[in-house]
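The structure appears below as structure tokens.
Readers should treat all values here as calculations from the given coordinates under stated rules, not as data from a laboratory. Note that this is a predicted model, so its numbers are computed, not measured. Positions of Cβ are backbone-derived with ideal geometry, glycine not excepted, and every protein chain shown enters the neighbour counts.
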Amino acid sequence: MIGKIISSVIVTLFTVNLAYAQQGVSFDDYLATLKEKAALAGVSQNTIDKHFAKIKVFKRATANGSNKALNLESYIPQNSPEITVSTARAMFKEQQDALIALGDRYGVQPRFLVALWGMTSEFGEQKGNFPILSVTASNAYSGNKEQFYIDEFIAALKILDTNQVQYEQLIGSSTGAMGHMQLMPSQYLAYAQDGNGDGVKDIWNNQFDAFATAASMLKESGWKNDETWGRQVSSINPISSQLVGAEHTETFNDWQELGVRRYNGNDLPKRDDMQVSLLMPDGENGRQYLVYNNFRLLQAWSVKEHFLLTVTYLSERIKNPPIN
């Protein structure tokens, strides 16, 4: 995943996991293999010659805290407190006309973009300033999600190949996520947009370029502007754990038969044209949600359910009460 909550962060420094070093492979040796992979992937020799010497072993800044142990009852108010809600609503109101126009252009409700903006980078205040080539190469070298980070490293080189982004601008978080909306290099490469019409696709300094890029990614992935993300529900019968999770889907009618009801106890919508998933992030005694395809597309930022449900919570707080 790539979206990161930065709340009550304690920053520490530590060296990368030396999985390859323990096998006798130095970082320079590993870079040599990355250089070969980059050339085979079509990165220009000019970009390789120009930038590989700048790549260093990266000491990562990580967010440590108690978020992992929190349930939603604590997690949501801690990570989307009232100050975040009021800031999101103020930001939306201040730029409402431009946001609505952008939402109409891409078919993505702008409240979700603003919610993601708040949750991933604290409205642009926490974008990260680490060199992406060093981050992605070092994360690949650590052996953790190696192929993922090799692909992102090569994508970052291809961004430089376009000559539209300079090396010094290619910065982001310790996970490789970049700019206002914390997008990975491969996402920028595939979906980058000029959101304000100035001829530049700058997700680092222009939030509308970042919004447009995120909206383009959601649209191309199948976002439905006439649907929302999901709803909180309750169940009158025990639900098998095998049916729980975003990877498993049933229709509303199926969930109704299994004992799932609206949160107020009323019946679910009588329809079988949507594939819906049941989430129980805190187990059967915690909150329960039915989520739709739009929610699953938000996993482009993170697969962590607590984080995504906080994003959707913030989107609802932006929506209601209506902003005039």
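Below are the figures for this structure:
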{"item": "Label point distance in nm, E257-A98, each placed 7 Å from Cα along Cα→Cβ", "result": "5.1 nm"}
{"item": "Over the chain - Rg/Rh using Cα atoms and the Kirkwood inverse-distance radius", "result": "1.00"}
{"item": "Lys, Arg +1 and Asp, Glu -1 on Cβ, resulting dipole of region 230-319 about Cα centre, debye, nearest 20", "result": "400 debye"}
{"item": "Helix 146-161 axis, angle to the chain major axis (alpha carbon atoms, nearest 10°)", "result": "70 degrees"}
{"item": "Candidate lysines for bridging to K37, where Cα separation is under 20 Å - those fewer than 8 sequence places away on the same chain excluded", "result": "K50, K54, K56, K145, K158"}
{"item": "Net +/- balance of residues flanking A115 in space, Cβ distance below 10 Å, scoring K and R +1, D and E -1", "result": "+2"}
{"item": "Within a Gaussian network of the chain (alpha carbon springs, distance under 10 Å), most fluctuating of Q275, Q95, Q182", "result": "Q95"}
{"item": "Gaussian network model of the chain, springs between alpha carbon atoms under 10 Å - residue of V276, V311, V25 with greatest fluctuation", "result": "V25"}
{"item": "Under 14 Å, Cβ to Cβ, from D28 - net charge with Lys/Arg +1 and Asp/Glu -1", "result": "+1"}
{"item": "Column: log10 I(q)/I(0), Debye, Cα scatterers of region 230-319, q = 0.19 Å⁻¹", "result": "-0.86"}
{"item": "Per DSSP, loop GluC sites (Glu not before Pro) in region 109-151 with at most 13 further Cβ within 10 Å", "result": "E125"}
{"item": "Inter-label distance for T87 and D194, nm, one decimal - labels placed 7 Å from Cα along Cα-to-Cβ", "result": "3.1 nm"}
{"item": "C-alpha long axis of helix 305-319 to longest principal axis of the chain, angle in °", "result": "70 degrees"}
{"item": "Ranked packing of 127-139, 155-167, 29-41, most packed first, by mean Cβ within 10 Å", "result": "127-139, 155-167, 29-41"}
{"item": "Size of region 149-249 as Cα extents on the principal axes (Å, biggest first)", "result": "58, 32, 19"}
